[in-house]
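Where a number appears in this text, it was derived from the coordinates with a stated rule and is not lab data. Because the structure is a prediction, the values reported are computed rather than measured. Heads up, the Cβs are rebuilt from the backbone with ideal geometry, glycines too, and the neighbour counts pull from every protein chain shown.
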Amino acid sequence: MQAINPVYIPRNHQIEAAIRAAEDHVDFSVFHELHEVLQNPYKQQEGKDRYSLPPEPDEVVLQTFCGT
């Protein structure tokens, strides 16, 4: 199961946090850390548990927009 089910997936609330940090604060560190975690999504990574969790109530993204 671990070989076909990733531990980490790009969840909407994490993507939104990376976008907000980049656009609002010119801070790309959130994006870079998320990108790093997603390079090896099938392996549990020490200290990265928050990337496998669902959003907190205040992190829920109700709408997303496709840029294409």
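Highest first, please rank the peptides 28-38, 52-62, 10-20 by the mean number of other Cβ atoms sitting within 10 Å of their residues.
Numbers: 28-38: 14.3, 52-62: 10.0, 10-20: 15.9.
Packing order, densest peptide first, comes out as 10-20, 28-38, 52-62.
Note the listed values [x] 14.1, 41; [y] 12.8, 39; [z] 13.3, 40, then indicate which one is Rg and Dmax of the Cα atoms in Å calculated from this particular structure.
The value matching this structure is [y].
Calculate for the chain the 222 nm mean residue ellipticity that helices alone would give, adding -39,500 (n - 2.57) per DSSP H run of length 4 or more and normalising by residue count, nearest 500 deg cm²/dmol. Kindly include the intermediate steps, with their values, before the conclusion.
Values: 2 runs with 24 residues, N = 68.
After summing the helix terms and dividing by residue count, I get -11000 deg cm²/dmol.
Could you tell me how many degrees, from 0 to 90 and to the nearest 10, lie between the Cα long axis of helix 29-38 and the main elongation axis, the longest principal axis, of the Cα atoms of the chain?
Approximately 30 degrees, to the nearest 10.
Give the angle, between 0 and 90 degrees and rounded to the nearest 10, that separates the Cα long axis of helix 12-25 from the longest principal axis of the Cα atoms of the chain.
Around 40 degrees separate the two axes.
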